[in-house]
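Take a look at the structure below.
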Amino acid sequence: MASRWQFCRILPATQVALAGLFGGWGLWQRNQVLSHDYLFGIGWNSTARFHVWPWPYKIAAISNLPALSAGLLLTIPIGAMRLRLSETLQLAPTLIFVFLLWLWIGARLDRRWSVAVPTPWIAISLFMVLSSVGAFLPLGYTGYLPYGLVVWVVAYLALSRSTHVSSGQRRSGEGF
């Protein structure tokens, strides 16, 4: 039964669900703020759209920053076609990249640990807590993006170090 459960199956499913939940909730909140009557209907057509980023969206963005970056590359051709799609629909393909990102992470974790070992779960929980903390820090309107970049660089280095050491492979140029 334990061999049936693997990180490469659990992580993509849960992270896509969390990204969809928090990202969708945050985009809904953003739409509510920018479409509200107190802005006289100009919220989307003003600079306010560059300043409104609700905390649920920030959590989804920080915890999936590489996937968000790849997904934003897809919005360029969508925007160039001048389709009148909502921001939520434009960002929906990002969930594919969230799935692929966490599939890769899960495969790396499966190299070293089984799902019964608490170490990777502690690391994933710590990563998610740090992602959540970044959503609430007063870092300015887009300060959560550099924060997320730092979190991801540290997470990548820790992941590559922990899975590389256990794989028994040596990099070229390494000693004994």
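The values are calculated or read from the model by the stated rules, or taken from the named source; none is laboratory data. Model, not experiment: these values are computed from the prediction. Note that we place each Cβ from the backbone using ideal geometry, even for glycine, and neighbour counts take in every protein chain shown.
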TODO: Look at segment 145-165 and say how many of its residues are at pLDDT below 90 and of a type in the set (Ser, Thr, Tyr).
DONE: 3
- [ ] Quick one: count up the residues across segment 104-129 that are free of Cβ contacts under 8 Å to residues at least 40 places away in the same chain and not aromatic (Phe, Trp, Tyr).
- [x] 8
TODO: Evaluate the following for Leu157: is it among the hydrophobic types (A, V, I, L, M, F, W, C) and under 21 Å from Leu27 (Cβ atoms)?
DONE: no
Task: Matching residues, segment 81-129, being over 29 Å from Trp53 (Cβ atoms), touching a Phe, Trp or Tyr at 6+ places or on another chain (Cβ under 7 Å) and of a type outside the set (A, V, I, L, M) - done: Asp110, Thr119, Pro120
Open item on the list: Looking only at segment 34-54, count every residue that is surrounded by fewer than 16 Cβ atoms within 10 Å (Cβ to Cβ), assigned to a helix (DSSP H, G or I) and either of a type outside the set (A, V, I, L, M) or at pLDDT 70 or above (or both) and tell me the total.
Closed with: 5
